[in-house]
Structures are given as C-alpha cells and as structure tokens.
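S.K.: Have a look at this one before I ask anything.
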C-alpha cells in the first residue's frame, strides 16, 4: 500500500483507469456516495471535505482520517460542474471469479463502453436483488466516477469482476451449471425463468456480442419489437431481461 | 418564416430552447440523423456539409439547398467532441393534443430533465411500435441535440406533444377513454394489459410524479424490487412498462 495522505496531484491521477490501478483506490463524490461506501464492506481510507461542509454539518463522526480541501481543489478533483463538499478515497476491490458463483443470475457485459449504461445496469441489477456482474476488460472501468455516480448508491452492492479471459470464464460458468443466455436482436425467446442459474451476456453499444461468445450461447434472449428502431439501448435490454428473470415463474 | 440561409451566428442560437423556438427550427447532426430526417414527414430546410464530406461522398442527391461549412464552423455548431461532416436544419414540428388521440399507448413524462433519458425513452417507445409522447413544459426540450442523438434514429418516428397544462390534458385523455396509469415505487400492479388505451405517467428524476397528477391516477404501476436500490432510472421504468404493455395479454 502506498503512503497516505496522497497529494492533490496524486489524487488527480485517479481520474484514469491506469491511475486508479497504480494507486489501488478510487474517489467517490458527494455525501450519499460516501455514506454508501462507509456502510459497505469496502475500505474507506480517507475523507476529503471543505470548510463549508464542516461549518454546516460539524465534524465527521468517524475514525477515518479526514483532510480539509479548498473549493478550488475539490473542483479540480471532481468530475461534475458543481463539485461536492465531501469525497471519499476507497480501496479498489474487484470481485473474483469465485464470488460470481454465489449468484443465481449474473449479468455479463461484453465491451459496454458508456459509463452511464454500466452504472444504470448496476442500479437495475441491485433493484432486482442481484449482485453478480462479469465484465470484459475491453469495456469501461467500473470504478470510473461516472459509473459510480449513475448507480445512484447501488455501486457498493453490486460486485464487478473484470475478466482477463471472457471466453474461458464463460465456459467455466457453463461447467458450473449456468445457462448461458446471449441477448441478441436477431430473434430468440423473451422468456427467462428462474428454474436454473443464468448468465446473461449483453454486447457493446456499437458491435453487440462478439461471435465467439455467441457461439457459446445455450439460448438467445430477444425482446420482440414492432417498430422501426434498429435496436434497444443496452441498459434497457438488460433491465427487461432482469425483470423477466425476477418476475418469471 | 425567417430569411434563409441563416448565418453561423444565427445557427449557434439553436443550441438553446428559446433560440430554437425563435427561429422555428433545430439542427440534427451526422449522416444517419439527416437521412432519418429526410425520410420523415419533417421539413429539412437546408443541409450543411464539409468539403471532406463532398470529396468522399460526392454531391448530395437532393433538391434541398446545401451550404458548405468549414470544419471549424462545424465544430462550433456541434454538440459533440468529434463534429459531424453533415448537419441538417429541420423545421420544428410538435405534435398536437389531437395527434395524441391516434395512439393506444401514450408515454407521459412529468418533468423528466435529462436529455439522455428522454432520448432513450423515445428510442424504446419506437422499438415497441408506439409513437405517442406527452411532455410537460418543465422537462427537457425534446428538440435538444442530446435528445435527438440518444434516440439513435427514432427521433422522427415518435411525436412529442409539449403540454402547457398537463393536468388539464390528462383529464381530457381520461374523458377520451384512456386509463391513466402512474408509475410509482410505492406499490401497485406491475400488470399492464392491452385491453384498453393507456396513458402512462412517469415523474422527474428527482421528484417523481407531482401529487396533483398522482391524484388523477386510475392505477399505480410499480415494478417489484427485491434489492436495496431506492429507485429505478426513469428510462428503465418506462421500458419495463412498455414491454409489459406490448407483450401483456
């Protein structure tokens, strides 16, 4: 572990995936996200607040070390136009393949690139009471600040596992008894029943699921469309599949 | 109607709602959006292209007047980091209350503020073959360029009607035989059947549906959640409701 506290210059490197991986931590912005982090099983290493925050809310009731930052510094660190008055520095902790096996429903994203889509998928997954998430390395980093923000607090309850070899991991899930369902507009069933563990694969916004993954599919999940739209947004497809599985009998 | 062609300075005013309303038109960016506009029943007044576009694709096979713009000008007009090589100037045309009555399913958004959410809802509505959209004045302008972009081509097939008096219009829809269904996480049915015309109301990202609208509800639509997430994204809720209605019997 690196020495703490980090300088603002070091914290600024957390805006990139490589920076987060080098320092082994990421920043969460705003009171709600910090609270969610504190309530989770993640390690919050340090809290950053402004004087304004302390003046309004008083000292923080926590043993976690706290650093006061100026508003200009918060602005530099923040990813939003109106910077928060509080941020938390949280240890990066990805789930493992073994963690995935504790789920009966796993959402697998093969290259989803948009942070808002990933965050929304995590929020929806949490809504339906699931937590398994398998990501390919080609997609957006789940610790991207826009992902965290768009989960609206669900971030710490969904456990992303980033696979270095997606095909191998999907084969291993099949061997463990998971039915591999691939979402594809080309036609298939829109039924997803709860009688067996399922890994649902959704592809990237621009290319869909890669052919080698599609070849592994036990079933194709397809949402019947009647209009002229070419496709659905990936977070929408994921939500309808989650809803089907959660409410199907 | 104003004199054409518009100057670049005038086109820049189209970045705001008031500017679009003053000039009665809006810009669509990129080849796909321009093609969709040309195929629709909307009036495309002028096309803007770069020299690069003409060099690659040749002259446009259309009678619509065309202006060549420099890349720097395109960059100023565009809402994205990589500006398009082609844009279209399209006449603003909102649907009317009477148009709404041609639908059996109407999505009503009471103050939805995020352009990505509105665009995604339009795309999903189109996917399921519906086109009725009732918006309150407090929400994002449907002709916002981010809305158009996130519809992924569905923009010209869904007809937004922006109500100046939402309560009055909802009452009028009820009188015309529509069942008013309000989406709310507080509990209700998740069944939406096709045996009658439905107007589904979804609230803003931060405040939900306003109480006066909720008081008009014939039914509450609620998506059963089992996790700890506080709510679903509004575009996700809309999609699940559309799916339920489109596939329910």
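Coordinate-derived values only; no laboratory data. Computed from a prediction, not measured in an experiment: that's the story for all the values here. Glycine also receives a Cβ, built like all others from the backbone with ideal geometry; neighbour counts cover every protein chain displayed.
S.K.: Compute the relative contact order of segment A:149-200 as a whole-number percentage, counting only Cα pairs closer than 8 Å that sit 6 or more residues apart in sequence.
M.R.: Over segment A:149-200, the number comes to 34 percent.
S.K.: Separation of segment A:209-249 and segment A:93-119 by C-alpha centroid, Å?
M.R.: For segment A:209-249 versus segment A:93-119, the Cα centre distance is 16 Å.
S.K.: Right, here's the next one. Add -39500 (n - 2.57) for each DSSP H run of 4 or more in the protein assembly as shown, then divide by its residues: what number comes out at 222 nm, to the nearest 500 deg cm²/dmol?
M.R.: -9000 deg cm²/dmol
S.K.: Label residue A:146 and residue A:247 with points 7 Å out from Cα along Cα→Cβ: what is the distance between them in nm?
M.R.: 3.1 nm
S.K.: Another question, then. Rounded, prolate or oblate: which one fits segment B:66-125, using the alpha carbon gyration tensor with axes a ≥ b ≥ c (rounded when a/c is under 1.5, else prolate when a/b beats b/c, else oblate)?
M.R.: Prolate shape, in that a/c is at least 1.5 and a/b is the bigger ratio.
S.K.: What percentages make up the Cα-Cα pair-distance distribution of segment A:1-69 when the bins are 10 Å wide from 0?
M.R.: For segment A:1-69, the binned pair fractions read 17, 52, 28, 3 percent.
S.K.: Oh, and also: Between the alpha-carbon centers of segment A:159-208 and segment B:189-207, tell me the distance in whole angstrom.
M.R.: 30 Å
S.K.: Under the rule a/c < 1.5 gives rounded, and otherwise a/b versus b/c splits prolate from oblate, where does segment A:170-234 land using the Cα gyration tensor? Don't skip to the answer; put the middle values down first.
M.R.: Numbers: a/c = 2.66, a/b = 1.53, b/c = 1.74.
Oblate is the answer for segment A:170-234, as a/c is 1.5 or above yet b/c matches or exceeds a/b.
S.K.: Full-extension gain between residue A:99 and residue A:43, please, as 0.36 nm times their residue separation minus the C-alpha to C-alpha distance.
M.R.: Extra length available between residue A:99 and residue A:43 comes to 18.4 nm.
S.K.: If one computes the Cα centroid of segment A:1-80 and of segment A:138-158, what distance in Å separates the two points?
M.R.: After rounding, the separation between the Cα centres reads 16 Å.
S.K.: Quick one, can you get me the convex hull of the C-alpha atoms of segment B:87-154 expressed as volume per residue in Å³?
M.R.: 90 Å³
S.K.: For each of A:161, B:243, count neighbouring Cβ atoms within 10 Å of the residue's Cβ, then give the residues from fewest to most. Write out the running numbers ahead of the final one.
M.R.: Working: A:161 19, B:243 23.
In increasing order of surrounding Cβ atoms, one gets A:161, B:243.
S.K.: If I take the Cα coordinates of the protein assembly as shown and project them onto the principal axes, what are the three extents in Å, biggest first?
M.R.: 66, 53, 50
S.K.: In a Gaussian network model over chain B where Cα atoms closer than 10 Å are linked, find which of B:174, B:59, B:15 has the largest mean-square fluctuation.
M.R.: Per the Cα network of chain B with a 10 Å cutoff, B:59 tops the list.
S.K.: What FRET efficiency would be calculated for the residue pair residue A:54, residue A:218, taking the C-beta separation as r and a Förster radius of 51 Å, to the nearest 0.05?
M.R.: Values: r = 56 Å, r/R0 = 1.09.
Using R0 = 51 Å, I get an efficiency of 0.35.
S.K.: Report, as a whole number in µm² per second, the diffusion coefficient that Stokes-Einstein gives for segment B:1-123 at 37 °C and 0.692 mPa s using the Kirkwood radius over alpha carbon pairs.
M.R.: Answer from the Stokes-Einstein relation: 205 µm²/s.
S.K.: Given a Förster distance of 45 angstrom, what is the FRET efficiency for residue B:62 paired with residue B:193, based on the Cβ-Cβ distance and rounded to 0.05?
M.R.: Result of the calculation: an efficiency of 0.50.
S.K.: Please arrange B:164, A:159 by counting, for each residue, the other beta carbons lying within 10 Å of its beta carbon, fewest first.
M.R.: Fewest-to-most Cβ neighbours within 10 Å comes out as B:164, A:159.
S.K.: For chain B, what is the relative contact order in percent, using Cα pairs closer than 8 Å and at least 6 residues apart in sequence?
M.R.: On the way: 451 pairs, mean separation 45.6, N = 249.
Relative CO of chain B lands at 18 percent.
S.K.: Is segment B:32-86 best put as rounded, prolate or oblate by its Cα gyration tensor, with a ≥ b ≥ c the root eigenvalues, rounded for a/c under 1.5, and otherwise prolate when a/b is larger than b/c, oblate when not?
M.R.: Numbers: a/c = 1.90, a/b = 1.33, b/c = 1.43.
Here segment B:32-86 falls in the oblate category.
S.K.: Could you grab the relative contact order for segment B:1-149? Cα pairs under 8 Å, six or more apart, rounded to a whole percent.
M.R.: Relative contact order here is 26 percent.
S.K.: Same structure again: Where does each of B:175, B:29 land when they are ranked from fewest to most other beta-carbon atoms within 10 angstrom? Intermediate results must be reported in sequence, preceding the final value.
M.R.: Values: B:175 8, B:29 22.
Listed from fewest to most nearby Cβ atoms, that is B:175, B:29.
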